[in-house]
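Input: a single structure, listed below in structure tokens.
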Amino acid sequence: MKTVAELQAIKQKKGELFGAGMHHILVCGGTGCTSSKSMNIIKALNEKIAENKLESKVRVVMTGCFGLCAKGPIVVIYPEGTFYHSVKVEDVNDIIQQHVMAGKPVERLLHVEADTHEAVHKLGDTEFMRKQKRVALRNCGVINPENIEEYIARDGYQALAKVVNEMTPDEVIDTMLKSGLRGRGGAGFPTGRKWQFAKASVSDVKYVCCNADEGDPGAFMDRSVLEGDPHVVIEAMAIAAYAIGSNQGYVYIRAEYPIAVQRLQKAIDDARANGLLGENIFGSNFSFNLEIRLGAGAFVCGEETALMTSIEGKRGEPRPRPPFPAVKGLFGKPTILNNVETYANVPAIIRNGPEWFASMGTEKSKGTKVFALGGNIVNTGLVEVPMGTTLREIVYEIGGGIPNGKKFKSAQTGGPSGGCIPAHLIDTPIDYDNLIAIGSMMGSGGLIVMDENNCMVDIAKFFLEFTVDESCGKCTPCRIGNKRLLELLTKVTNGTATMEDIDRMEQLCYYIKENSLCGLGQTAPNPVLSTLRYFRDEYVAHVQDKVCPAHVCKNLIRYEIDKDTCIGCGLCQRKCPADAIERTDYVAPGHKLASMRINVEKCVKCGACMEACQKIKAIRKV
Amino acid sequence: MKKNTTIPFDGTPEQEQQLRAVLSKLKNVPGGLMPAMQQAQDIYGYLPKEVQVIIAEELGVSLAEVYGIATFYAQFALYPKGQYKVAVCLGTACYVKGSGEIFDELSKQLNIANGEVTPDKRFSLDATRCIGCCGLAPVMTINDEVYGKITAKDVAGILAKYQA
Ligand SMILES: Cc1cc2nc3c(=O)[nH]c(=O)nc-3n(C[C@H](O)[C@H](O)[C@H](O)COP(=O)(O)O)c2cc1C
Ligand code: FES
């Protein structure tokens, strides 16, 4: 592409196509919905359209994630904006004949609000969407990610055109500084400052990298951006390159994300074919190339220095800083690394101005944040909210609350580096600094909700097992310290720990935090510290009373048969794999047969008996 | 956790020839070790010790270095996979919804531990990290098929589909 006029021409042409009195049927092609077989729906829709000769009136578009993954596959029909969920291939006939041809919505596929029991027609009117504000995700679920023209029709590459033609690198950096954008990958470092440092480094070669390693197990924001709107990352990286004076970029992406890799590769190829990557972009003397590098599955490679070592083709071990990557990074050259979501905000900031961006959010955390809402919550999926939204709004309004009438216990943010937020802090406005103050952190945006059935000691142990497994082993505090910490935690969950062990754990946590080489070790004890801070009574219950209040830790639970409820049918005895159930000689009043009893010596706590007794419910966990 | 296998190595001379051809090409390429190992894994499906030894000898590096990279990155497998690769997500979102129990049930039914393969090589079992389907948690996969929102009770029925 040589001129801005060419870009405008595509935008206009595509825009007319969008509005030309046609039906557009958008079907989610994100990972969640693809797993729920949305590709079969696209195929069936196209068949039905051909059958009814509607090709000139209806177009089926595969899009990125709409966010409401739990209700997938999701279908949205424009111009009405009707939102259908949990769509099956069998529903396709009604969608075409009833909705498209007869103009009557298919009521049974509409979303029904949990509290009001009312059907909602438009996605934007659902409780799930109403409080959201989409900046980073603005194109996800709106455009076909594999079509560059659709991106251009939504103002794509306008920001890049403006930057290379009208702005100096310093003006770009100034805009980023004014916007207040902070890194979305974890630590929240101001993006403009990072770019400023790299620009100040003098070197003939500099690199721009994108962190798409998304290591937090239980988070998929970056994946959804890459799957739903890959061009936004390309455009932003080109802008960053222009600002710091670089001509080469790398996206480091997990190999476990095949759909994202494939769509990003296609987007890069299309951008290059259209002259939006390559030499002399928009006729300027700015050139930029972009390549993908695949991760091979190591959490520590999300850490910036380790990521760069891995791109160089070595064991992805971190190295001490300074020197910071802005001075000496990839291949020893000045390098910036930003997260996918950080980049996804950049073009909008250039187009709408830094004041627009800074008008959203809190004093020190501007803009919006995407969260992957998961765990024990009704609306699992992807949400984007202004910084400063409270946890209560996210969990109860957007998330629809906790299923099965259970009680909210805690929300975990920041993944293996973060902490648990207890129920009494549910009204905390979420931003970088508030989360740090309450012992958690923003992290990349995983937000896992836990209810009364989750044991907090078990959760801490879960995260620590993860970090022990992923520790690269280079430094001793992390390699051995975390291992010891895990052993102590295991003692707690086994019921063999003492109160002194809890004190030792706490000391060890601080030791590991202070002495580890990289962010992995420095944050690994956080899940333990935060659960000790807010759920100490659960630790004490495991240690002193030898009980797991949530009935999770196997060693500390027992199964019991209530002798007066038991009808003596013996079903449990037949199901028990350990021969641990025997008949007593007690016949409860009103029952014919003697009740059963569990021999705790023999019991292996598999729970088969309780399962077998679901009708009578005489067996419970204590 | 990485585990060594109890299944005997059954590489063919053709495979070894292919491997040596790859290695002779990558011998003098800087940073060629990782691509060599990736291609070796493509040939054999995994990286048994016998193969690691050949790579180390041909590329003139120590076995420890090869083993070091093989165990550093989760992508490299030291054991063969089954015809049906069963994987359970133990990411956070799935874990809090009980995927641990699903894993235990699979382990019990298949009678193998994490990272192992059944003696008939029909099934292998792995615990994985988030596969990005948290909205469907808890999830398990068999080859490319994703099973979401399941409970331990569903396991037997799902496996039955793959049993001859
Ligand atoms: C152990 C560890 C894992 C990390 N994993 C990721 C990750 O998966 N994705 C990410 O964007 N940042 C991750 N980070 C943060 C990066 O080091 C880096 O700060 C970030 O990518 C910078 O981009 P930002 O300023 O745009 O946030 C990780 C850090 C540590 C210490
Ligand atoms: S945690 Fe299991 S798919 Fe994300």
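The values are calculated or read from the model by the stated rules, or taken from the named source; none is laboratory data. Given the structure is predicted, the values throughout are model-derived calculations rather than measurements. Counting neighbours? That spans all protein chains shown, and the Cβs are built from the backbone with ideal geometry, glycine included. SASA here: full protein model, heavy atoms, side chains in, ligands and nucleic acids out. Shrake-Rupley method; radii C 1.70, N 1.55, O 1.52, S 1.80 Å.
Points to keep in mind about this one:
- Cα-Cα pairs of the protein assembly as shown separated by more than 46 Å (percent): 25
- With 5 Å bins beginning at zero, the pair-distance distribution over Cα atoms of the range B:53-164 amounts to 2, 12, 21, 20, 15, 11, 7, 6, 4, 1, 0 %.
- Within the range A:4-130, percent of DSSP bridges classed antiparallel, to nearest 5: 65
- Peptide B:94-103 has a mean shielding of 5, counted as Cβ atoms of other protein chains within 10 Å of each residue's Cβ.
- If both residues of a DSSP beta bridge must be in chain A, then about 55% of such bridges are antiparallel.
- Percentage relative contact order, the range A:372-455, counting C-alpha pairs under 8 Å, at least six apart: 38
- Dmax and Rg, reported as Rg then Dmax, of the range A:428-535 (C-alpha, Å): 13.8, 39
- Within the shell of other residues whose beta carbon sits under 12 angstrom from the beta carbon of B:GLU105, the net charge comes to -2, with Lys and Arg scored +1 and Asp and Glu -1.
- 10 Å Cβ neighbours from other chains, averaged over peptide A:24-37: 3
- Loop-located trypsin sites (Lys or Arg not before Pro) in the range A:459-507, at most 10 other Cβ atoms within 10 Å (DSSP): none
- Net charge dipole size for chain A [Lys, Arg +1 and Asp, Glu -1 on Cβ; Debye, nearest 20]: 740
- Protection proxy ranking, peptides A:105-111, A:296-302, A:254-260, average beta carbon neighbours within 10 Å, highest first: A:296-302, A:254-260, A:105-111
- Between helix B:49-59 and chain B: long-axis angle, C-alpha atoms, 0 to 90°, nearest 10: 40
- For chain B, the residue among B:LEU19, B:ALA74, B:MET34 whose Cα projects farthest onto the positive side of the dipole built from Cβ charges is B:ALA74.
- Computed from Cα atoms, the angle from the helix B:99-110 axis to the main principal axis of chain B rounds to 70 degrees.
- Mean Cβ neighbour count within 10 Å, used as a protection proxy, ranking B:158-164, A:536-542, B:108-114 highest first: A:536-542, B:108-114, B:158-164
- Per-residue SASA entry for A:LYS48, accessible area with 1.4 Å probe, Å² rounded to 10: 40
- When you filter the trypsin sites (Lys or Arg not before Pro) in the range B:1-94 for DSSP loop state and at most 10 other Cβ atoms inside 10 Å of their Cβ, nothing is left.
- Long-range tail of P(r) for the range B:13-72 (Cα pairs > 18 Å, %): 19
- The range A:240-378: relative contact order as a whole-number percent, Cα under 8 Å and 6+ apart: 15
- Cα-based Rg and Dmax for the range A:1-127, where Dmax is the largest Cα-Cα distance (Å): 15.9, 54
- When only alpha carbons are used to place a centre, the range A:104-119 and the range A:314-386 end up 36 Å from one another.
- A protection proxy built from the mean count of other Cβ atoms within 10 Å ranks the segments A:449-460, A:275-286, B:132-143, A:370-381, most packed first, as A:370-381, B:132-143, A:449-460, A:275-286.
- Inter-chain Cβ neighbour average for residues B:67-76, partner chain, 10 Å: 5
- Positive-end extreme of charge dipole, chain A - chosen from A:ALA200, A:PRO325, A:ASN454 (charges on Cβ): A:ASN454
- With Cα atoms, 0 to 90° folded angle of helix B:13-26 axis to chain B main axis: 70
- Structural descriptor for chain A: relative contact order 11 percent, calculated from alpha carbon pairs under 8 angstrom and at least 6 residues apart.
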